[in-house]
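Enquirer: Can you read through this structure? Questions will come right after.
Quick note: the coordinates plus some simple rules give every number you see, no bench work behind them. Because the structure is a prediction, the values reported are computed rather than measured. Cβ placement follows ideal geometry from the backbone for every residue including glycine, while neighbour counts extend to all protein chains displayed.
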Amino acid sequence: MSAHSELRKDGLAKQHTPWVKRPDMNGSVDTDLAAAAADAIEVLTTVPAESIKVTARSGWLYLQGELESRHQRTIVEDVTRICRESEA
């Protein structure tokens with residue numbers, strides 16, 4: 001039995017929330033969504049704002065840039081996921 005299956009059996013494996021595409025296709029909503037995500041990254045993390053470029057198209061967030069660690073990546077993903085869900 002693999003370590004992954006043991007973690008899953010014990011309920012310790014991280015549960016990923018699936019991304020849900022927003023039905024609204026309005027361009028101004030994309031601008032607002034990208035701005036809210038960028039603000040959330042700046043306020044809620046220690047990741048330098050200039051290291052991440054946030055854009056949105058058709059209700060989807062796109063993050064580009066380089067981070068120093070996997071931990072920072074996880075934090076940025078979680079913060080933008082929360083931001084996305086609150087905008088829906």
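Enquirer: State, to one decimal in nm, how far the label point of D78 lies from the label point of S58, with both points 7 Å from Cα in the Cβ direction.
Expert: 3.0 nm
Enquirer: Which log10 I(q)/I(0) values, to two decimals, does segment 24-68 give at q = 0.16, 0.19, 0.26, 0.28 Å⁻¹ under the Debye formula with one point per Cα?
Expert: -0.41, -0.55, -0.88, -0.96
Enquirer: Take S69 and L44, extend 7 Å from each Cα along the Cα→Cβ direction, and tell me the distance between the two endpoints in nm.
Expert: 2.0 nm
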